Structures are given as structure tokens and as C-alpha cells.
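For reference, the structure discussed in these notes is given below.
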Amino acid sequence: MKKIRTLLAFEGRRMLTSKSTLIYVIIYFISYIISVIFFQLYGSDGSVLTEASAQSFPIQHLQAGILFTGTFIAIYVAQITRQERTQSTIKLILLRPVSRLQYYISKILSIAFFSMLLTLIQITVGYLVGMLFFGWHGTLVFGDIVTSGLTGVGITFLSGVAFAFAYFAFGMLMMLLSEFLPRLIDCAAVGIVILLIGQYAEVLPSIRPYVLVHQMLFFHQDIFEMSAVYNLRSAIVILAYCLACSFAGYYVFRHEDLSV
Amino acid sequence: MQPNKETVLEVSELTKKVDRMILVDHLNFSLEKGDICGFLGENGAGKTTTLRMMTHLIFPTSGDVLIHGHSIRTDTRAALSQVGSIIENPTFYLSMTALQNLRLSARLSDQHVPESRMMEVLQMVNLENAKNQKVKTFSLGMKQRLGFANALLCNPSLIILDEPTNGLDPIGLTELKDMVQGLSAQGITFLISSHMLREIQDICNRVEIIHKGQQIESGYVTDLLNQYKVSNMEDVYFACMGRRLA
């Protein structure tokens, strides 16, 4: 456990102090400002916003950021896996008495934390931009939910947790795929392709609940709108992706010759 | 005749095949406490592949490596806890300082490594003034020395060095030799791979020579020089190759 904690603390520090994270914050900030401009020009027809209020701003933008957020996760996963091979820094860790299982678990936990961090960044930047342009007045409108104040904040963060869970599963899928992709850019490209193609599953009602991209788009919304049984199935689907990808990824990694 | 000493490293029928190529072919040798063994061979002989198997970076096709009796295949943690190593090039996180890299490495060991030990190893390799410099500003020679400091960090009983003379100037080479021989006198065992036969001859007391993955000669340096009636390991190597081709 001590070594997993050490590796996790190391990844956490890297995550919080890296230029990439700062770039992601800036990208979200700029995209949200663009959304505000389009809302002010064209109303809700030109933006994902339906309510000009800081209370609604973050939750209404979560889904819209799927390409950004998914790509950032694909890049992060590639940085902590594939790049460690190409730069050979994995040697610094595995030449110590650290098992491959400990190493892999630390990466899984790092991806989980990164998913939560990205979600927190989106929510925080969303509140910031919302406050700058619309102020706190008004209500939170999200699907059939209309509320305000602390209840709205609670719903936003609950939605964020569901959102982070689905994106964590995507991160696990990317970690499995990174075992087979030679470079960081390949991982990012494959991640984008999966996100684009996965959205077409929406035209097939029978399979879409089992497609991860559908859960990334809607799970954070369905937890408020759909039945408990439906949401339980969705949660199981996401969990199944997490488990299948993590076990498969570990199996490959455990038997991999690291000629670094 | 050498007196009986504790066996630190035992390589037994170690083999690595990839597709149909045999990279390492049934290697057998052992090292005793305090040995400084040169693991010699030309480029592509299988030296680094062997060292990677010893440190569990890659998996043997067959055979085993025992470090203080612990199998690298089945008891990896216990085996690696007594090893410090540089495999191919020493690599560090470039955005972190020398000391931060050593700190991370120390925290991943099985023992408590105090800050004083980190400073001690940096002083041993003359990097104490660069401890707060980011590794991306280091020259190749400085990275090599930091790699050596990292290998010494956890007081290992076996140190595996892969081409440690890369990037070292003549002063650095002399310092390396003095350090290795000083530590060997304290009971630390070294396995040093190189294709620079003359340089290694000055450092090592015994050698294992491989060619195309196969062991072609082994023994103590003085014994081999007498056996082949030559004055340097290059001539021993060529004599082995000549005998092999004959």
C-alpha cells in the first residue's frame, strides 16, 4: 500500500502542476465564454444553455464537453502509460521492488482522480464563467429538474460524480488500448475516433445503453430522469467496462517485455 | 584459487527467445560477494537483454536468476530489494530535480532511506551541488552519475551496471573505477556490462564473455590473461572468437 500511495502522490503532484492541466483549464474557460457569446447572440438555439444563470451553467455544459473531456483523458492516460515507456521512466519505478500490480493499480487510481479533477475543473470554471456573465440569480434547470441554491449545487456535484464515473471507464478503455498503441498521439487519435463513432450508437436503441459513449453522454443526466432499474443497469454497464478493461489491460501489462 | 564466499548472483540456464531468434542461449554463471564481474561482448551480443531479465524488465523464456537465493521469477520483490541497477541509459523524470528523483526512488524501496543517505550518494558521485537542478539540464555524464547514485541509494548488495562508462570523461572513468573497487572491498558485488574491453579490464576481477547470446568464456581476469598468454582482454576476446570460428 505504501508504494501505491507513493506512486499516487507522485502522479497527483504531476497532475496538479503540469502545463497540460493548465491548458485544459484555459480550453474549458474559452469554450464556455464562446458558449456565453453564442447564447447572448442566438439564445438557447445557439448554445447548450437554456437558462442564463450561473446555477445552471456547469451542469448544462458537462455533456457538451464530451470531445474535449474524452480527449483530455485519452491524452492523460497515454502520458502516464505509453509515454513512460517511450521515455523509459518506467525503469525508475520497476527497477525498485515494486510489483507490476502495484504499478498498475496506481495508474488506475490516477485515472480515477484525473476524471474527478477534470469534472471539478469543468464545474468550477462553469460557475466562474456563469457568475461573470449572468450572476447567481435564477434557477438551475437540468432536464425536468428546476431548483436553486444549495440544492442546485448538490445536484451539480452529484451529476459530476456520475459524469466522472463514466469518463473513468473511458480512461480504463484507453489504458487497455494504450498497451497496443506505440505513441501518445496514437492514443489521443484513437480516443477521438471512439468518441466520434460511439455517438452513432444513439441511433440503435437496443444497443445504446451498452455503449460506453452513450453513458458518457447521458449517465449524469439519467440518474435524475430515469428509473432506478435503468440507472442500476447503466451503472453496471460502466462498472463492467471498468473491470473488463482493467483486468485485460493488467493481463497484457503483466506479461509484457519492457525493453526500455 | 579463490576462497569460498557467499554466492550473491546465480544465473542458471537463462534463455531468451523472441519469435525464432535466440537472444540469450542457456547462460550459466554465478558471482560471489565482492566480485566485480565484467559482462563483455560486442554490440548485440545479448548483454542488455540478459541484464533486463535479471531485473525483471523482460521475462526469460527459460532458466532463472537467483539473487541471494531469491528467484527473480517467483520472488521478484525479495530479489530486487537487494539490487541497484542502471539498465541501458539511466532515466529520470526530467522536470524533477536530482534530489526529487532520488526521493521518489527511495520511497519505492523496501527500506527507509533517510535524506542524509541521498545527500551521501550525491556527494559520492560529485553531484551534491546539482541536487536542486532539474535533470533536463544535466549532461549525459551527469545523468550517468545520477544513475549510479540511484543504484547505490538503498545500500544494495548487488549492483548491475549496463555500459556505465557511456558519457564519462577520463576523470569520470577513474572516479568510477575507484568507487567500484572501494565498494567492492566493502562487500558489494558488481556486474558491469560493456563492449569497452580495455576499460573494464581495469575495473573488474573477473569476466563473462558472450557472443550472439552464448557464453564463450568466463573466469578471473588474471587467470584468463595467463591462459591465453596475452596482456589485455581484447586479445582474450579475439582469441575466444578465433577458437570459436576454428
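Across chain A, the longest run free of exposed loop sites, meaning chymotrypsin sites (Phe, Trp or Tyr not before Pro) lying outside DSSP classes H, G, I, E and B with no more than 16 other Cβ atoms within 10 Å, spans A:1-135.
Round to a whole number: what % of the accessible area of the stretch B:88-155 belongs to carbon and sulfur, probe 1.4 Å? Spell out each step's value before the answer.
Values: 1350 of 2920 Å².
Here carbon and sulfur together make up 46 percent of the probe-accessible area.
Here's how it looks for residue A:46: its modeled amide H is under 5 Å from none belonging to a residue 5 or more places away or on a different chain. Counting only residues at least eight positions apart within a chain, or on another chain, the lysines with an alpha carbon under 18 Å from that of residue B:5 are B:33. With a threshold of 29 Å on the Cα-Cα distance, the over-threshold entries among B:143/B:177; A:107/B:143; B:136/B:177; B:131/B:212 are B:131/B:212.
Would you be so kind as to list the residues of the stretch A:246-260 that have their accessible area lowered by at least 30 Å² in the full protein complex compared with their chain by itself (1.4 Å probe)? Those residues are A:257, A:258, A:259, A:260. Summary value for chain A: 27 percent relative contact order, contacts being C-alpha pairs under 8 angstrom separated by 6+ residues.
What you get for the stretch A:56-145, charging only the Cβ of Lys and Arg (+1) and of Asp and Glu (-1), is a dipole of about 620 debye around the Cα centre.
Probe radius 1.4 Å, ligands and nucleic acids left out: can you give me the accessible area buried at the B-A interface, summed over both chains, in Å² to the nearest hundred? Could the numbers behind the result be given before it?
Numbers: alone 11900 and 12560 Å², together 21940 Å².
The B and A chains share an interface burying roughly 2500 Å².
Need one number: % antiparallel among DSSP beta bridges in the protein assembly as shown, to the nearest 5. Each step should come with its number before you reach the end.
Working: 25 of 43 bridges.
Taking every DSSP beta bridge within the protein assembly as shown, about 60 percent pair in antiparallel fashion.
A simple charge model with +1 on the Cβ of Lys and Arg, -1 on the Cβ of Asp and Glu and nothing else charged puts the dipole of the stretch B:58-132 at about 160 debye relative to its Cα centre. Among beta bridges identified by DSSP and lying wholly in chain B, the antiparallel ones come to about 55 percent.
Taking a ≥ b ≥ c as the square roots of the eigenvalues of the alpha-carbon gyration tensor, the stretch B:103-198 is classed oblate because a/c is 1.5 or more while a/b is no larger than b/c.
Accessible area per residue was computed with a 1.4 Å probe on protein heavy atoms; residue B:231 scores about 90 Å².
Scan chain A and note any complete DSSP helix (H) whose C-alpha atoms cover at least 18 Å along its axis and whose Kyte-Doolittle average is 1.0 or more.
On the way: long enough: A:2-17 (22 Å, -0.26); A:19-42 (34 Å, 1.68); A:66-80 (21 Å, 1.91); A:100-133 (49 Å, 1.40); A:149-178 (42 Å, 1.75); A:184-198 (21 Å, 2.64); A:212-225 (19 Å, 0.44); A:228-254 (38 Å, 1.22).
Passing helices, by number: A:19-42, A:66-80, A:100-133, A:149-178, A:184-198, A:228-254.
The residues of the stretch B:43-66 listed by number as losing at least 30 Å² of accessible area in the complex, against the isolated chain and with a 1.4 Å probe, are B:52, B:57, B:58, B:59.
Each residue was assigned an accessible area with a 1.4 Å probe, and for residue B:49 the value is about 30 Å².
Modelled spin labels at residue B:178 and residue A:139, positioned 7 Å past Cα toward Cβ, are 8.1 nm from each other. Over the protein assembly as shown, accessible surface divided per residue gives 43 Å², non-protein components excluded, 1.4 Å probe.
Would you jot down the residues in the stretch A:67-104 that end up with at least 40 Å² less accessible area in the complete protein assembly than in the chain alone, with a 1.4 Å probe? The answer is A:89, A:91, A:92, A:95, A:96, A:97, A:100 - residues whose exposure falls by at least 40 Å² when every protein chain is included. Each residue, residue A:38 and residue B:112, gets one label point 7 Å from its Cα in the Cβ direction; the gap between the two is 5.8 nm. For residue B:36, neighbours were defined as the other residues whose beta-carbon sits under 10 Å from its Cβ, and their charges (Lys and Arg +1, Asp and Glu -1) total +1.
Considering only protein heavy atoms and a probe of 1.4 Å, how much of the accessible area of chain A is carbon and sulfur, as a whole percent?
On the way: 8130 of 11260 Å².
Carbon-and-sulfur percentage of accessible area, whole number: 72.
Accessible surface of residue B:195, taken over heavy atoms with a 1.4 Å probe and every protein chain present, rounds to 70 Å².
In the stretch B:190-244, which trypsin sites (Lys or Arg not before Pro) are in a loop and have at most 12 other Cβ atoms within 10 Å, using DSSP for the loop call?
On the way: sites: B:198, B:206, B:212, B:229, B:243, B:244; in loops: B:212, B:229.
Passing both the DSSP loop test and the Cβ count: B:229.
The magnitude of the dipole of the protein assembly as shown, with charges of +1 and -1 set on the Cβ of Lys/Arg and Asp/Glu and taken from the Cα centre, is near 280 debye. Computed from the C-beta positions of residue B:205 and residue B:129, the FRET efficiency with R₀ = 35 Å rounds to 0.60.
Hydrophobic long helices, here whole DSSP H runs in chain B with Kyte-Doolittle means of at least 0.0 and Cα atoms spread over 15 Å or more along the helix axis, are found at B:140-152, B:170-185, B:233-245.
The values are calculated or read from the model by the stated rules, or taken from the named source; none is laboratory data. Note that the structure is predicted; figures quoted are calculated from it, not measured. Backbone-built Cβ (ideal geometry, glycine too); neighbour counts: all protein chains shown. Side chains included, ligands, DNA and RNA excluded: accessible areas come from the protein's heavy atoms. Shrake-Rupley method; radii C 1.70, N 1.55, O 1.52, S 1.80 Å.
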